[in-house]
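Every number here is computed from the coordinates shown, using simple stated rules; none is lab data. Just so we're clear, the structure is a prediction, and the values are computed from it rather than from any experiment. Cβ placement follows ideal geometry from the backbone for every residue including glycine, while neighbour counts extend to all protein chains displayed.
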Amino acid sequence: MTKQEALFEFLLRKADDSLILGHRLSEWCGHGPILEEDIALTNISLDLIGQATELYKYAAKVEDKGRTEDDLAFLRIEREYKNVLLVEQTNGDFGKTIVRQFFFDHFEHLLYEGLMNSKDEQISAIATKTIKEIKYHLRHSSEWLIRLGDGTEESHNRVQTSVTDLSRFINELFYQDEVDEILIKEGIIPDVKEFRAEFDKNIGAILEEATLKLPEEKWQLSGGRKGVHSEHLGYLLAELQYMQRTYPGMEW
Amino acid sequence: MSKKEWPLWEVFIRSKQGLSHKHVGSLRASDAEMAVNNARDVYTRRSEGISIWVVESANIVASDPSEAGPLFEPANSKIYRHPTFYEVPEGIKHM
């Protein structure tokens, strides 16, 4: 694998994470529990789709095969999407959406802080812009988790169920293979292994404040980075890609 | 499900021009911190501000509309209190 191929693959993975989670959050539009939260979730959705756009643009340039960011976002099949399984999980109730976001935001925060020091100028520029958005997302999901966990019996039980269910997707956030090895050696991306302890500490502190617990059982799922997804992604893509598939090349 | 509603908060935003905080509207939130978060999402999405104040609406003491006469009408006949007899030098803004 060449450095160029590794860089393309990395950009695609991160762009797919942002696009798929952004799409999931957009499903809340008009369905938020209150007006204020409806706007908050769709703001975060737009931030994520904006990040995806920047990453796809750069990925298309790195690949240099004449594909555009729209081709990458809308015209690949399921097995070609490289997002982690966590982001494609369904919204569930508001608490589940917050838990999914909470795990993701804490990982992204540490990753993007590392990417700000990337030797690749384009990546460090994207990271510097993105980190401010992530810090807000992190604050939003963490504050909510504390209030739902340490809220009523009903909110506590529901959100604890989601913490238990979604915790099995945490390890995959730290997935590494040849792509990562090459880019770490080149100083383009940080080694995520180095901040696993910090991640555990950060989420642990907030879970404790929220009176929530990670499950004892450590069964973990993965496959997203290789394109092996849960059953939910296909349905999501059917909706995401509908317009481009039905009216190829349409713009608005 | 509980029918209890979150308290109402009044939102004040200071715009980039460095003027004072201005009332922009209200929203509901469970507590002060969430009120600031919500205000950020609802009222500063288009770069409207650089600073947010929130205050629980219940804490605002308002003048009584039926007292409007005694409170405000006496000022109507005191034209000399208005600085309209001075010429404003050129280049002075925000008057």
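Points worth noting:
- Dipole check for segment B:8-85: with +1 at the C-beta of Lys and Arg, -1 at the C-beta of Asp and Glu, and the Cα centre as origin, the magnitude is about 500 Debye.
- Dipole magnitude for the protein assembly as shown: computed about the Cα centre from +1 point charges on Lys and Arg Cβ and -1 point charges on Asp and Glu Cβ, it is near 560 debye.
- Nearest-ten-degree value, helix A:3-26 long axis tilted from longest Cα axis of chain A: 40 degrees
- Proximal aspartates and glutamates relative to A:Lys65, as straight alpha-carbon distance under 20 Å, when same-chain residues fewer than 8 apart are discounted: A:Glu5, A:Glu9, A:Asp16, A:Glu54, A:Glu80
- For the pair A:Asn171 and A:Thr152, label points projected 7 Å from Cα toward Cβ lie 3.7 nm apart.
- Segment B:1-87 shape via C-alpha gyration tensor axes, a/c threshold 1.5: oblate
- Highest average packing first - A:101-113, A:209-221, Cβ atoms within 10 Å: A:101-113, A:209-221
- Projected area averaged over orientations for the protein assembly as shown, convex hull of C-alpha atoms, nm²: 25.4 nm²
- Remark: spin-label model distance A:Glu78-B:Ala75 equals 6.8 nm, labels positioned 7 Å along the Cα→Cβ axis.
- Per residue of peptide B:25-34, the mean number of Cβ atoms on other chains within 10 Å of the residue Cβ is 3.
- Calculated FRET value between A:Lys3 and A:Glu198, using beta carbons and R₀ = 25 Å, to 0.05: 0.35
- For the residues of B:35-42, the average number of beta carbons from a partner chain within 10 Å of their own beta carbon is 5.
- Segment A:237-252 - phi-based ³J(HN,Hα) in whole Hz, Karplus 6.51/-1.76/1.60, Gly and Pro as x: 5, 4, 6, 4, 9, 3, 5, 5, 6, 7, 10, x, x, 5, 10, 8
- Scoring A:75-88, A:185-198 by mean Cβ neighbours within 10 Å over their residues and listing the highest first yields A:75-88, A:185-198.
- Computed label-point distance, nm, for sites A:Cys29 and A:Lys61 using a 7 Å Cα→Cβ extension: 2.8 nm
- Averaged over the residues of peptide A:66-79, the number of Cβ atoms from other protein chains lying within 10 Å of each residue's Cβ is 0.
- Taking a point 7 Å out from the Cα of A:Tyr242 in the direction of its Cβ, the residues of segment A:62-77 whose backbone N falls within less than 17 Å of it are A:74-75.
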